[in-house]
Amino acid sequence: MAKHSAEVVIEGLKKILIKEKEGMDEEVQGKVEMFIAEFQGSMAASGHQHDPDAQTLERGFDFFKNKIFDKNPEFFEALAKKQQPRFLVIGCSDSRVNPPTILNFNLGEAFMSRNIGNMVPQFDQLRHAEIGSVIEYAVKHLEVTNILVMGHSHCGGIERLMELPDPTLTHDFLDEWVKIGLPAKNKVLEQCNHLGTEEQKRLVEKESVKNSMANLLTYPFVRNAVVNGTITLRGGYYNFDNGTFQQWKLCTKPMP
Amino acid sequence: MAKHSAEVLVEGLKKILISVKEGLDEKVQGKVEKLIAELQGTVPPSLEPFDPDAQKLELGFDFFKNNIFDKNREYFRELAEAQHPKFLVFACSDSRVSPSIVLNFKLGEAFIGRNIANMVPQFDQWRHTEIGSVIEYAVKELGVENILVMGHSHCGGIARLMELPDHSCSHDFIDEWVKIGLPAKQKVKEEANHLPEEEQLRLLEKESVENSMANLLTYPFVRNAVENGSITLRGGYYNFDNGTFQQWKKM
């Protein structure tokens, strides 16, 4: 299949960059890189003609570039050198609960983890390196001062937790993951078994946040920071039926 | 210590919510929850220690509520019933690369996973249930049409991968996690070891995206969907030095 000529040019330029970089003037190098990016942009305009999803990404980035990036050059220059977020936020992967949108975080303000049911499992170096590394990086390297676990209404992960055990349907991963929330489910069922399923789900969504906050304390570097008062553990709950946000925190500092 | 009357009221209202039997009208319940939320916001500053970070969250939500939520009630009513995102996006936890901002995704458009260095490990039901469940839910339950792995410049996770092995400093989790990118590092070292460190890092950030895209194919439900054309695998790279975004797809 004949390659599009722009692709051929890009490949060639990339090879040149790799081979010749040592002796290449920085300005020239920068120009070549911009050239490649432009070429890829123009390919995008023609090559994405029959790829509406690629166009969505292109347009999305253009909006950001024109309205935000290009209008704040000093801000982005400083940000490129270093990030200093005050918050680590653990949110659900749910497309409707993006924490930077819901809580209006600007770029640079919140280090993010997103998973099913916004859950934090107990410290486990074998099974939970993914979230462990996010918490570790945020606490040890970025020295965040807040960890917020944010739950939400109509959470699919919590819904699955409520359905378990379910002999009619198995998953490769989902069921094993949401079981992290079992202590929360057990608590709600003990105290509120008389309530309807929907009400119970709302309660488990909140109780699961508390469960995850407790699990955070099984990470020694988190526990130390909380005990020292350098990190505040916060819980949050976004209800998108009525558009409300509740927040609470674990207090260790003595009240005045 | 005497409790503030708002606190007493909040506690009482919560007890009512829990103790009332199933017949509580949904509208009434919503109003009670709203009242609780409002009361929780009105504990006087004199009783509440000064908490600027809590205020920041409050103000942030107020901005969203006033400017976005309340102005699009119909949209949010539909969204509350079901989500139909076309994209599953894996992005780095880095505070500077939020995909919703950088790619201007509206709420409801992208199911998102975020971790150190936007990595996708190979299928492993024991060690990688967190990311496995995100991919599984997105593909099987939501039927997403695209999986985008988005890398970025100046990635701390990739920088750490480059430093390994490092006998002077160990981590509980980070090193084990970033090792997912070792095949990418090996490739860059083979092809571009003559380049300065910074250039190698830029190359590795992109090669690691390719590596993660390849790892996605070790998930049978992803592989099937890619083979029958119902999912497109995409790679992306956001360079915030020069403000560019490249994207490509796996053919």
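Observations
- The shape of region B:82-249 comes out prolate: with a ≥ b ≥ c from the C-alpha gyration tensor, a/c is at least 1.5 and a/b beats b/c.
- A crude spin-label estimate for the pair B:Gln122 and A:Arg59, with each label 7 Å from Cα along the Cβ direction, gives 4.0 nm.
- Exposed chymotrypsin sites (Phe, Trp or Tyr not before Pro) absent - longest run of chain B, DSSP non-H/G/I/E/B, at most 12 other C-beta within 10 Å: B:127-251
- Hydrodynamic radius of region A:126-256 by the Kirkwood approach over all distinct alpha-carbon pairs: 16.2 Å.
- Global geometry of region B:165-251, whether rounded, prolate or oblate, following the gyration tensor of its Cα atoms and the 1.5 cut on a/c: oblate
- Hz values of 3J(HN,Hα) by residue in region B:196-201 - Karplus curve (6.51, -1.76, 1.60), Gly and Pro given as x: x, 3, 4, 5, 4, 4
- Here the simple spin-label model places points 7 Å from the Cα toward Cβ, and for A:Gln84 and B:Asp166 these points are separated by 2.1 nm.
- Extension gain (nm, one decimal) between B:Lys71 and B:Glu176, 0.36 nm per residue minus Cα-Cα: 33.3 nm
- Net +/- balance of residues flanking A:Asp124 in space, Cβ distance below 15 Å, scoring K and R +1, D and E -1: -4
- Every helix of 4 or more DSSP H residues in chain B counts as -39500 (n - 2.57), and over all residues that averages to -14000 deg cm²/dmol at 222 nm.
- Efficiency of FRET between B:His194 and A:Thr230 - r from beta-carbon atoms, R0 30 angstrom, step 0.05: 0.10
Rule-based calculations on the coordinates, nothing more; no lab input. Because the structure is a prediction, the values reported are computed rather than measured. With ideal geometry, Cβ positions are generated from the backbone for all residues, glycine too; neighbour counts draw on all protein chains shown.
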